[in-house]
Amino acid sequence: MIEHKKNWQTINLAAIGQRLAWLQQQPDGIIFCQDSGVHYVVVRKDRSQIKLSLVEKVNLHTDLLQSVFNFNNPLHLVSEYTQAMMLGLVWQNQPQRIYIAGFGGGRIPLVLHHYLPESAIDCADIDPIAIAAATQFFGVKLDSRLTVAIQDGREYLEQQNRDIQYDIIMTDVFFGNGYFPHRLATKEFYQLCEKHLSREGVVLVNLLQRDDFYAEKVKTFQSVFSQVCVCPWKEINSVLIGSNSAILEKDEIISRAKYLQDGHQFSFPLTDRAQEVKVGTELAEAIPNLDKAQILHDDSPPAGYFDCWLF
């Protein structure tokens, strides 16, 4: 079985390389720009790096980087927050089914698809242009195990049968100005996630620390999951990790991450991300005003939420 998996991964990596080979001949600069609703989807080439951004039409300098990768090493997760999202494997190292709200350039789905050949990965994203860019410029190939619905991430989950259970659920949804949809930040949404979570399952959410409602979003997450950890990256992103399975202590999280690192031979340092995880009192100390924060609900968005522009 292990040898079969290694053979498949070797063939798959070669196929990814073939899909990306043409990019090496492209000049540096913008190689794709297309109108998509309230923003432009922009792909830039900078030497061996490809970057996908959403650029707001109303304020062209607001440019949120969605995905970045090096086509010479397509399985390397460049952004540290994407590395932190892979910590879901600490709780579920052999997930049968994964759901991801927000596709972007498909970096995390591509890496999961490669290293977990027995896993099905369901994704949802409202932007068909970004999905097209992911398949054209980021080496992603959709198949029976990796699917994307052009649909709102919460709506997709609401429409799934009650018996659909996911071992890992990830949410990584932003607009070009850094806006995180309210309907993906409420207690009701996380209760929906919990309803579709397997008994030992885990939920991960990418947040921006500069969000005016950062503490409220963490407090809301805590109201649904019995164990909540946070993996902060500088003062930019934080990945929330929540589960209602057995509590994992910090040393166990690190030990499991090392096991995954050694087993899969990731080119990115998953163990480093595990060492950065804040648990228990560390989490409260890492998030200002958490004790004063209010829980977010569908029917009562806080004043100013929809006026929150981060850039």
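Filter region 210-242 down to residues that are β-branched (Val, Ile, Thr) and touching a residue at least 60 places away in the same chain (Cβ under 8 Å) and give me whichever is nearest to Ile169 (Cα to Cα). Only one residue fits best here, namely Ile241. Which condition does Leu192 not pass, out of (1) crowded, with 23+ Cβ neighbours inside 10 Å; (2) in contact with an Asp or Glu (Cβ under 8 Å, 6 or more places away or on another chain); (3) under 21 Å from Ile126 (Cα atoms), if it passes all the others? Evaluating Leu192 over (1) crowded, with 23+ Cβ neighbours inside 10 Å; (2) in contact with an Asp or Glu (Cβ under 8 Å, 6 or more places away or on another chain); (3) under 21 Å from Ile126 (Cα atoms) leaves (1) as the failure.
Within region 243-270, the set of residues being β-branched (Val, Ile, Thr) and touching a residue at least 60 places away in the same chain (Cβ under 8 Å) comprises just one member, Ile253. Just to be sure, is Leu207 farther than 30 Å from Gln26 by Cα and among the aliphatic types (A, V, I, L, M)? Considered against the rule, which asks whether it is farther than 30 Å from Gln26 by Cα and among the aliphatic types (A, V, I, L, M), Leu207 comes out as yes. For region 1-46, taking the residues that are over 18 Å from Gly105 (Cα atoms) and among the basic types (Lys, Arg), the one that is surrounded by the most Cβ atoms within 10 Å (Cβ to Cβ) is identified as Lys5.
Got at least one residue in region 253-265 being of a type outside the set (A, V, I, L, M, F, W, C) and over 19 Å from Asn93 (Cβ atoms)? Scanning region 253-265 turns up no residue that is of a type outside the set (A, V, I, L, M, F, W, C) and over 19 Å from Asn93 (Cβ atoms). Of all residues in region 60-86, those satisfying the criterion of being part of a loop (DSSP other than H, G, I, E, B) and of a type outside the set (Phe, Trp, Tyr) are Leu60, His61, Thr62, Asn72, Asn73, Pro74, Leu75, His76, Leu77, Val78, Ser79, Met86. Close Cβ contacts (under 7 Å, 6 or more residues apart or on different chains) running from residues in region 1-20 that are of a type in the set (Val, Ile, Thr) to residues that are at pLDDT 85 or above comprise Ile16/Pro74; Ile16/Gly139. Among residues of region 286-311 being outside any loop (DSSP other than H, G, I, E, B) and either among the hydrophobic types (A, V, I, L, M, F, W, C) or surrounded by 15 or more Cβ atoms within 10 Å (Cβ to Cβ) (or both), the one that is modelled with the highest pLDDT is Leu290. Within region 40-51, one or more residues are at pLDDT 90 or above and assigned to a loop (DSSP other than H, G, I, E, B). Taking region 148-192 as the region of interest, how many residues are among the polar types (S, T, N, Q) and either under 22 Å from Ser245 (Cα atoms) or in contact with a Cys (Cβ under 7 Å, 6 or more places away or on another chain) (or both)? Final tally of qualifying residues: 4.
Residue by residue through region 121-175, note down the ones that are among the hydrophobic types (A, V, I, L, M, F, W, C), farther than 23 Å from Gly17 by Cβ and out of contact with any Ser or Thr (no Cβ under 8 Å at 6 or more places or on another chain). Result: Ala124, Ile126, Ala149, Ile150, Leu157, Ile164, Ile168, Ile169, Met170, Val173, Phe174, Phe175. Any idea which of Ile164, Ile98, Ile121, Ile108 is under 25 Å from Lys234 (Cα atoms) and at pLDDT 95 or above? The unique qualifying residue is Ile108. Here Ser198 fits the description: more than 24 Å from Ser36 (Cα to Cα), among the small types (Gly, Ala, Ser), surrounded by 16 or more Cβ atoms within 10 Å (Cβ to Cβ) and modelled with pLDDT of 95 or more.
Could you go through region 71-94 and let me know if any residue there is farther than 30 Å from Val228 by Cα and either polar (S, T, N, Q) or free of Cβ contacts under 8 Å to residues at least 60 places away in the same chain (or both). So far as region 71-94 goes, yes, one or more of its residues are farther than 30 Å from Val228 by Cα and either polar (S, T, N, Q) or free of Cβ contacts under 8 Å to residues at least 60 places away in the same chain (or both).
Note on region 87-203: enclosed strands (runs of 3 or more DSSP E) holding 2 or more residues that are among the acidic types (Asp, Glu) and within 14 Å of the chain's Cα centre (by Cα) are 120-125.
The values are calculated or read from the model by the stated rules, or taken from the named source; none is laboratory data. For clarity, every value in this text was computed on a predicted model and none was experimentally measured. So basically every Cβ, Gly included, is an ideal-geometry build from the backbone, and we count neighbours across all protein chains shown.
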